[in-house]
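This report concerns only the one structure given below.
The values are calculated or read from the model by the stated rules, or taken from the named source; none is laboratory data. Treat the numbers as computed from the prediction; the structure is a model and nothing was measured. As a convention, Cβ positions derive from the backbone with ideal geometry for all residues, glycine included, and neighbour counts pool all protein chains shown. Surface areas here come from the heavy atoms of the whole protein model, side chains and all, with no ligands, DNA or RNA. Shrake-Rupley method; radii C 1.70, N 1.55, O 1.52, S 1.80 Å.
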Amino acid sequence: MSSKGTILIVEDQAGFRLIYEDLLVHEGYEVLLAEDGEAGWELAKEKKPSLVLLDLGLPKLDGFGVLQRMREDAETKAIPVIIFSVMGEMDHVKKAMEMGANDYTIKGFYTPRQILSKIKSQLILVEPKRNVVAFKIPMKVAGPETTRFQKEIGLPEGYQCPRCHAEMLLEMFPDYVREDTHWFSSRLACPGCGKTV
């Protein structure tokens, strides 16, 4: 059986590991499991999975530590990481994204199918061989709501990249988990340096 890719789940709660392992195997992915941060880091380094689903509140080495090691290592720095945590405070989200996480999900706020959609969206971004249309839309500050959104996601000057100051683009990708084609996953991306938000 051919695999769509390998997903590493780093999660200390057995129930969550089981739910997501079953879901991902059913969808055709190979799944690796780790119960603590040290084991997760070692598996990421050794196996180089397609994506890591990473809890933050882990024994031995917390999720921030795993993420830091991954982003500092040449062999793992480009592996997509989705944070999967009960810690939903804005400072945790901001810290994880600044450290290089690709997405942040809060346990209990997303269904397993929604998490699967996020996984598929991230894998699309690192699979250039797939013929996937991405819609790229320039962002403009047009009122108090867009200004508030810009501040909440940590962009200091309008929708300019905080790293290189190029204008960020809203990238929208078809969401293949939904039953129709009118749903999209999205992110802000810099066309200059590649930073995503």
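General remarks:
- Members of region 92-112 that are in contact (Cβ under 8 Å) with a residue 24 or more places away in the chain, among the aliphatic types (A, V, I, L, M) and either open to solvent by less than 30 Å² (accessible area, probe 1.4 Å) or in a strand (DSSP E or B) (or both): ALA96, ALA101
- Qualifying positions in region 32-55 - open to solvent by 30 Å² or more (accessible area, probe 1.4 Å) and not in a loop (DSSP other than H, G, I, E, B): LEU33, GLU38, ALA39, TRP41, GLU42, LEU43, LYS45, GLU46, LYS47
- Members of region 56-72 that are within 25 Å of LYS4 (Cα to Cα) and open to solvent by 10 Å² or more (accessible area, probe 1.4 Å): ARG71
- Any hit, region 56-64, residues being in contact (Cβ under 8 Å) with a residue 40 or more places away in the chain, in contact with an Asp or Glu (Cβ under 6 Å, 6 or more places away or on another chain) and in a helix (DSSP H, G or I): yes
- Within region 86-103, tally of residues that are closer than 14 Å to GLY57 by Cα and under 12 Å from the mean Cα position of the chain (by Cα): 2
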